[in-house]
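Read through the structure below, which is laid out as structure tokens, and then see the notes.
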Amino acid sequence: MNVREQLAGIAAPIVTPFTDEGATVDEPALVALLEHLEAAGIDAVFPCGTTGEFPSLTGTERRRVIEVTAETVDVPVIAGAAATNVPETVAAIEAAEAAGADAAAVVAPYFATATAPEGNRRVFEAVLDRSPLPVLLYNIPQCVGTRIEPETVAAVADHERTIGIKDSSGDLAYFSRLVRETPDAFRCLQGYDALLVPALRAGGDGGINALSNVVPRVLRAAFEHAEDPRGRELQQGAISPLFEACTDHGFAPATKAALAHRGVVPNADVRPPLLPVADRSAIADRVDAALAALED
């Protein structure tokens with residue numbers, strides 16, 4: 001499977017469904033979610049990322065989530081492999097490969113917030129040199145504490161194991177610079193849902209968007225129509241309003257609340273320190289509005 005070629009489109013960073021109050025991973029619900037996404041034409045899936053609550057999963061649970069995902073879908077599986085050092089990152093990638101993943105996503109070392117760009121470059125190069133899978137960089141400075149500087153991205157973009165970057169910073173100028181300063185084959189994927197269509201118009205290759213769990217056909221339609229007025233209509237009338245409602249609650253809880261409203265998963269339970277959404281009405285209203293916008 002040529003993952004790089006198949007990453008032009010919309011990938012879903014899937015939630016991890018739990019049984020009541022987060023006791024265990026709900027595998028039947030996970031399969032139902034994956035089938036819902038594949039039926040909607042999603043281009044790839046991303047288990048064990050931020051929306052998937054990876055910090056709240058044990059190593060055994062992460063491997064099982066990846067395994068179930070790989071067994072269920074026929075699209076590329078990009079497994080989250082976030083860690084704070086090279087050996088553990090490589091070990092996470094190796095575990096993802098053993099579970100059936102097609103690629104892995106890695107972040108800059110978190111907690112070390114004073115890291116210089118040169119330090120991050122050395123970490124990424126060491127991981128790439130040892131990785132058994134293609135690697136997607138993942139820029140999410142609001143969680144990691146530091147961003148992957150454009151010069152760092154450019155320095156590793158030609159590595160044979162690098163396939164692209166997911167940028168969830170919400171900084172369109174940064175994203176546009178990545179598009180300009182990386183090779184054409186390097187996939188620049190927008191992770192901040194409110195910027196999906198603007199990022200595509202700036203030359204981006206696709207998106208990895210939490211809302212694609214909930215309204216995958218809306219995100220796919222926005223991708224397909226990014227260059228015409230319909231794309232703008234879907235961004236402004238459907239995606240951005242739902243995104244704004246979700247940001248008030250955090251994306252894992254909000255995405256699960258939206259999925260439960262649609263009946264895709266049986267509950268909206270998350271694990272501490274996250275809390276479930278107490279009042280789902282605003283999210284539910286905007287989910288319904290997004291679905292209606294697709295029919296307009």
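A short reminder: the numbers here are calculations on the coordinates, not readings from a lab. Treat the numbers as computed from the prediction; the structure is a model and nothing was measured. Note: ideal-geometry Cβ built from the backbone for every residue, glycine included; neighbour counts use all protein chains shown.
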Checklist entry - Using modelled amide H (1.01 Å from N, peptide plane; none on Pro or chain starts), what sits under 5 Å from the amide H of ALA105, excluding residues fewer than 5 places away? => result ALA79, GLY80, ALA81, LEU136
Checklist entry - For PRO276, what charge total do you get from the other residues with a beta carbon under 14 Å from its beta carbon, if Lys and Arg give +1 and Asp and Glu give -1? => result -3
Next on the checklist: Let me spell out the model: positive unit charges on the Cβ of Lys and Arg, negative unit charges on the Cβ of Asp and Glu, origin at the Cα centre of the chain. What dipole size does that give, in debye rounded to 20?
Outcome noted: 420
Item to check | Computed over the chain: relative contact order in percent, which uses C-alpha pairs under 8 Å that are six or more apart | outcome: 19
Checklist entry - HN-Hα J couplings of the range 201-210 from phi, Karplus 6.51/-1.76/1.60, θ = phi - 60°, integer Hz, Gly and Pro as x? => result 5, 7, x, x, 9, x, x, 10, 10, 4
Item to check | Phi to ³J(HN,Hα) by Karplus 6.51 cos²θ - 1.76 cosθ + 1.60 over the range 273-285, Hz, x for Gly, Pro | outcome: x, 6, 10, x, 6, 6, 10, 8, 4, 5, 5, 4, 4
Checklist entry - Residues with amide H under 5 Å of ARG187's amide H, sequence separation 5 or more or different chain, H placed in the peptide plane at 1.01 Å from N; which? => result GLY164, ILE165
Checklist outcome for this item: Between ILE208 and residues 5 or more places away or on another chain, the pairs with built amide H atoms under 5 Å apart involve ALA11, GLN190, GLY191
Item to check | the range 239-295 versus the range 160-223: alpha-carbon centroid distance in Å | outcome: 22
